[in-house]
């Protein structure tokens, strides 16, 4: 397991970090985003998407639709599992199929679907460390 730690002091830095990590991503990657509301998860996704050629303005939190699909240099699937009530519901929505497809999956609130996440994944943990500062820890699980 590889561990990286970053600090972000602004939404722009979080966007930049997302873009930086996207340049290392490959088809089939599953990236789980952990953190409280307002921790920077969606800004991270916007930066990640921009590195794949997807305009950040097109990226929204998929809270009410659960899965957003974007076409860039690689397909990007943005999940919000916050409203998922059970693993059965996640399976009925076909979430697992995305994990083993040709795109990259970014999952907000992955703890809600932990039982179906692949063992090989990247976890990104966002922690508030000050009014405008976040600690971003990236764990690559192989």
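Read-outs throughout are calculated quantities, based only on the coordinates presented, and are distinct from any laboratory measurement. Not measured: the values here are computed from a predicted model. Cβ atoms come from the backbone with ideal geometry, glycine included; neighbour counts cover every protein chain shown.
Okay, here's what the table says:
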{"quantity": "Ranked 78, 140, criterion: other C-beta atoms within 10 Å, fewest first", "calculated": "140, 78"}
{"quantity": "The range 91-135 pair-distance distribution - Cα-Cα, 5 Å bins, rounded %", "calculated": "5, 16, 27, 19, 11, 9, 8, 4"}
{"quantity": "Helix-only mean residue ellipticity at 222 nm for the chain, each DSSP H run of n ≥ 4 adding -39500 (n - 2.57), per residue, nearest 500", "calculated": "-6500 deg cm²/dmol"}
{"quantity": "Length released on extending from residue 37 to residue 141, taking residue separation times 0.36 nm less the Cα-Cα span", "calculated": "35.0 nm"}
{"quantity": "Residue 132 paired with residue 87, simple spin-label distance in nm, labels 7 Å along Cα-to-beta-carbon", "calculated": "4.4"}
{"quantity": "Alpha-carbon Rg with Dmax, taken over the chain, Å", "calculated": "13.9, 40"}
